[in-house]
Amino acid sequence: MEPGVVWLSISFGLHIVLVNLGVGISIVAPILRVLAYKRDSENLEREAYRLTRFYAATYAIGGVFGTAFTVYLFSYYPSFTALLGRIALYNYALAIMALVAHFLSLTLFYYGWKRLSQGIHMLAGVSLAGSALLIVLGFRSVFAQLSSPVGVDLDAGVVVNPLEAVLGNPLLPPLYIKSVAAGVTATLVAIAGWHAFRGEEELAAMYIRPALVGLFIVFLTGLWYGYELRIAEYKFNNIFGGLGIGGEPSLDLSWLLLAKIGLWLVQLAAMVTALVRGIEASRSLLVAAAISALLAVPAGEYLNAYSQYPYFIPPDEANSEGNLLPVLSLLSENANTRSTILQAITITFTTILLLAAAVYIYITMIKKNNANME
C-alpha cells in the first residue's frame with residue numbers, strides 16, 4: 001500500500017476516535033449539566049465536569065492528529081489538495097467557523113464552571129453542543145461531495161451552486177445523522193464501560209438506555225445511508241458487492257462491513273445484558289462493548305473512505321474507464337514521499353507523538369489527583 005495511504009489512515013484513525021468522543025461529550029455533558037441544575041444533583045454535576053475535563057484535556061491531541069492529516073494531505077497529494085480547495089471551499093468555511101465557535105464555547109464552558117452564573121454557563125453548554133453539530137455538518141458535507149459531487153464543475157474545478165454543494169447532496173442527511181448518532185452512542189457506550197470497569201455501577205447504569213436508543217438509530221441511519229449510496233455505484237459495489245448486493249466490487253470490503261456489524265452486535269448484547277442482569281453481572285461485557293465502540297469508529301470511517309480506493313472521488317457512469325481526473329488517484333503520490341529518510345523521520349516522530357499523548361492522558365485523566373470543580 002502507498003505510504004500516503006498508510007500515514008493518512010493512521011493519523012485520521014486516531015483523530016476520528018477523539019473527534020467522535022468530543023462530539024458525544026459536547027452533547028452529553030451540557031445535558032447532564034442541565035439535569036444537575038434541575039435535580040440539584042452534585043453527582044450529575046461532577047459527572048458533567050469530569051467529561052468536560054476529559055474533552056478539554058484531549059482536545060489538543062485530536063487537533064494535532066487532524067492537523068497531521070491535513071499536512072500529509074498537502075504534502076502527499078498537492079494537486080488534489082488544490083482541487084479540493086476549489087470544489088469544497090464553502091464546506092470547509094462552514095466547518096472552520098464552527099471550529100472557532102466550538103473552541104471558544106469549550107473554553108467558556110470548562111473554565112466557567114462555578115465562575116459564571118447558571119444561565120450563562122448553560123448557554124455556553126448550548127453553544128458547545130450546537131457548534132459541535134455544525135462542525136460535523138461541515139466536514140460531512142465534504143465527505144458527501146467526495147463520494148458524489150453536486151453543485152460543482154469538476155472539469156473546471158469550481159463551485160457553480162454553493163448552497164447545493166454544502167447542503168444539497170442527497171448523501172448528506174443520512175451520513176450526517178448517522179455520524180452524530182454514532183459519535184454520541186460510542187461516547188455513551190465508552191463511558192458506561194469505563195464506569196463499569198471502575199465499579200461505579202450507578203453511573204454506568206445511567207448510560208445504558210440512552211446507549212440502546214443510540215445503537216438502534218445508528219442501525220437505521222446506516223441502512224438509510226447504504227440505500228442512498230446507490231448513486232455512488234463504485235462505492236456501493238465495493239461495500240456490498242461481496243455480499244451479493246449490487247455489482248462486482250473493484251475492492252471487496254464486505255469483510256470490513258461485517259466486522260463493523262459484529263462490533264455493533266457486541267455493544268448491543270452488552271447493553272441488553274446490563275439492562276436485564278444488572279451492571280455487576282455484565283461488567284466484563286460492558287468493558288468489551290466500550291472497546292468495540294472505539295474500534296467501530298475508525299472501522300466505519302475506513303469502510304467509507306477505502307470503498308472509493310484508489311480514487312479521492314470515485315468514477316461514475318459517465319466515466320466508466322475509472323479515470324475521473326488524474327489528480328484524484330491515491331496512486332498519484334508526490335514522488336518525494338517514497339524517500340526512505342522521510343519515512344524514517346515520519347515513523348520516529350509519530351512514535352514520539354503517540355507516546356507523548358499517552359503520557360499526557362495518563363497524567364491528566366487516569367493518575368489519581370485531587371482535581372475538583374473549582
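May I ask you to list the residues in the stretch 121-169 that are β-branched (Val, Ile, Thr) and free of Cβ contacts under 8 Å to residues at least 12 places away in the same chain?
Of everything in the stretch 121-169, just one residue is β-branched (Val, Ile, Thr) and free of Cβ contacts under 8 Å to residues at least 12 places away in the same chain, namely 160.
Hey, can you tell me all the residues within the stretch 1-35 that are among the charged types (D, E, K, R) and not in a helix (DSSP H, G or I)?
Within the stretch 1-35, just 2 meets the criteria.
Scan the stretch 106-115 for residues that are without any contact (Cβ under 8 Å) to a residue 60 or more places away in the chain, within 16 Å of residue 32 (Cβ to Cβ) and part of a helix (DSSP H, G or I) and jot them down.
Matches in the stretch 106-115: 110 only.
So in the stretch 214-238, with the set limited to residues that are β-branched (Val, Ile, Thr) and under 19 Å from the mean Cα position of the chain (by Cα), which one is farthest from residue 307 (Cα to Cα)?
The residue in question is 217.
Taking the stretch 262-285 on its own, how many of its residues are basic (Lys, Arg) and surrounded by 14 or more Cβ atoms within 10 Å (Cβ to Cβ)?
1
From the list 90, 72, 77, exactly one residue is surrounded by 14 or more Cβ atoms within 10 Å (Cβ to Cβ) and within 23 Å of residue 133 (Cα to Cα). Which is it?
The conditions single out 90.
State whether the residues of the stretch 36-46 include one that is under 29 Å from residue 151 (Cβ atoms), among the hydrophobic types (A, V, I, L, M, F, W, C), assigned to a helix (DSSP H, G or I) and not assigned by TED's automatic domain parsing to the domain that holds residue 191.
no
Identify the single condition in (1) farther than 28 Å from residue 295 by Cβ; (2) surrounded by fewer than 20 Cβ atoms within 10 Å (Cβ to Cβ); (3) in contact with a helix residue (DSSP H, G or I) (Cβ under 8 Å, 6 or more places away or on another chain) that residue 166 does not satisfy, given that it satisfies every other one.
For residue 166, the exception is condition (2).
Just to verify a result, which residue in the stretch 331-358, among those that are surrounded by fewer than 10 Cβ atoms within 10 Å (Cβ to Cβ) and of a type in the set (A, V, I, L, M), is modelled with the highest pLDDT?
So the residue we want is 341.
May I ask you to verify whether residue 16 is under 17 Å from the mean Cα position of the chain (by Cα), within 23 Å of residue 166 (Cα to Cα) and modelled with pLDDT of 85 or more?
The answer is yes for residue 16.
Which one of 128, 137 is crowded, with 19+ Cβ neighbours inside 10 Å, aliphatic (A, V, I, L, M) and closer than 14 Å to residue 55 by Cβ?
Selected residue: 128, the only one of 128, 137 that is crowded, with 19+ Cβ neighbours inside 10 Å, aliphatic (A, V, I, L, M) and closer than 14 Å to residue 55 by Cβ.
Looking at (1) out of contact with any helix residue (DSSP H, G or I) (no Cβ under 6 Å at 6 or more places or on another chain); (2) outside any helix (DSSP H, G or I), find the lone condition where residue 308 falls short.
All conditions are met except number (1).
Here's a check for you: in the stretch 32-87, which residue that is at pLDDT below 80 and polar (S, T, N, Q) is farthest from residue 356 (Cα to Cα)?
Among residues in the stretch 32-87 that are at pLDDT below 80 and polar (S, T, N, Q), the one farthest from residue 356 (Cα to Cα) is 79.
The values are calculated or read from the model by the stated rules, or taken from the named source; none is laboratory data. Given the structure is predicted, the values throughout are model-derived calculations rather than measurements. Neighbour counts are summed over all protein chains in view; Cβ atoms, including those assigned to glycine, are modelled from backbone coordinates with ideal geometry.
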